[in-house]
1. Of all residues in segment 49-58 being assigned to a strand (DSSP E or B) and touching a residue at least 24 places away in the same chain (Cβ under 8 Å), which is nearest to residue 344 (Cα to Cα)?
2. From 99, 38, 42, which residue is within 21 Å of residue 270 (Cα to Cα), at pLDDT 95 or above and surrounded by 14 or more Cβ atoms within 10 Å (Cβ to Cβ)?
3. Collect the residues in segment 253-264 that are modelled with pLDDT under 95 and either surrounded by fewer than 20 Cβ atoms within 10 Å (Cβ to Cβ) or closer than 26 Å to residue 301 by Cβ (or both), keeping them in residue-number order.
4. If you scan segment 304-346, which residues turn out to be part of a loop (DSSP other than H, G, I, E, B) and surrounded by fewer than 18 Cβ atoms within 10 Å (Cβ to Cβ)?
5. Among the residues of segment 206-245, which ones are within 26 Å of residue 85 (Cα to Cα), in a helix (DSSP H, G or I) and out of contact with any helix residue (DSSP H, G or I) (no Cβ under 8 Å at 6 or more places or on another chain)?
6. Taking the condition touching a residue at least 12 places away in the same chain (Cβ under 8 Å) and part of a strand (DSSP E or B), does residue 274 pass?
7. Report the residue count in segment 48-76 for those that are under 20 Å from residue 138 (Cβ atoms) and modelled with pLDDT of 95 or more.
8. Could you check how many residues of segment 150-169 are surrounded by fewer than 19 Cβ atoms within 10 Å (Cβ to Cβ), farther than 22 Å from residue 7 by Cβ and in contact with a strand residue (DSSP E or B) (Cβ under 6 Å, 6 or more places away or on another chain)?
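The values are calculated or read from the model by the stated rules, or taken from the named source; none is laboratory data. Everything numeric here is computed off the predicted structure, so don't read it as measured data. Heads up, the Cβs are rebuilt from the backbone with ideal geometry, glycines too, and the neighbour counts pull from every protein chain shown.
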């Protein structure tokens, strides 16, 4: 791997609000990143173009000071539990816990006031920014005092997100970032090519809650082992796609170094995602108009951005025999995901 020790990295505080919200700029020779300590929200990722200019490759929120108004969770870290929990209930160590049902009959992305709405303490470090938050016992219904850290690092054309957590009691944790990618010069991601090295996915019900089954993807619209145009796959009208209005599904990842590749052929922009997490939730922005507007105030269109949410199994606590989301007292939660941007147009 390339040695980045000599690479110039600039990190600066560019905005500080009385509310505690702060915005930082991170920049090296390949990427310019804007991030807020409120929800650890990524507000822009600009990648360097072959002509020397820059292109933002994620959707920007309209009102970054009020993430609670944005049901799209744009660019934020979500938790304590990413994705859905059936009926907002789970049992841990024989005790049943009840959470908010903020997505139809189910719990979604940490509840009414999840990590996306919390101000994290920020510390600039040599290779990035470390954000920290102490989530008190029973916040949003979750047990245990949980200390969470999220670190953003820049290394060449890669943005890394390193998550860690430690609790003083048994609890459940599953963190991810909910940024929306669009690598094209147009409105839609349906022309993007997606590759996901995966042989299984999780079907969902009418509320996009996983059923608990793991289905084979070979020969279906969920087979992205070879790069495939997203819109072409959706046009096959699979019942699962029709139920969700697009992709809103978790894929079990193969143990490859580059498990996920998203590319826009017209521009040549490419994103490669590598993670130590076992799954990725692919969401094609099916209901973006309901919860998201851009900086100019106009609402985003359906399929204008897509999420690649690396994560543990959705509703793990209710569907896995040995739930990987359980974080035992004194044990460390740790995961790393890297997003590498490049232009591959010949």
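1. As a first pass, look at segment 49-58 and keep what is assigned to a strand (DSSP E or B): 54-56, 58.
Now restrict to residues that are touching a residue at least 24 places away in the same chain (Cβ under 8 Å): 55, 58.
Working: 55: 15, 58: 18 Å.
This residue is 55.
2. On the way: 99 fails: within 21 Å of residue 270 (Cα to Cα); 38 fails: within 21 Å of residue 270 (Cα to Cα).
Only one candidate qualifies: 42.
3. First, the residues of segment 253-264 that are modelled with pLDDT under 95: 254-259.
254, 255, 256, 257, 258 - these are the residues of segment 253-264 that are modelled with pLDDT under 95 and either surrounded by fewer than 20 Cβ atoms within 10 Å (Cβ to Cβ) or closer than 26 Å to residue 301 by Cβ (or both).
4. Within segment 304-346, the first condition is being part of a loop (DSSP other than H, G, I, E, B), and the residues that meet it are 304-305, 312-315, 320-325, 328-331, 344-346.
Once the filter is applied, which keeps residues that are part of a loop (DSSP other than H, G, I, E, B) and surrounded by fewer than 18 Cβ atoms within 10 Å (Cβ to Cβ), segment 304-346 yields 320, 321, 322, 323, 324, 328, 329, 330, 331, 344, 345, 346.
5. Those that are within 26 Å of residue 85 (Cα to Cα), in a helix (DSSP H, G or I) and out of contact with any helix residue (DSSP H, G or I) (no Cβ under 8 Å at 6 or more places or on another chain): 239, 240, 242, 243, 244.
6. Values: touching a residue at least 12 places away in the same chain (Cβ under 8 Å): yes; part of a strand (DSSP E or B): yes.
Taking the combined requirement at face value, the residue satisfies it.
7. Let us first name the residues in segment 48-76 that are under 20 Å from residue 138 (Cβ atoms), namely 68.
Still in the running and modelled with pLDDT of 95 or more: none.
Matching residues across segment 48-76 total 0.
8. 2
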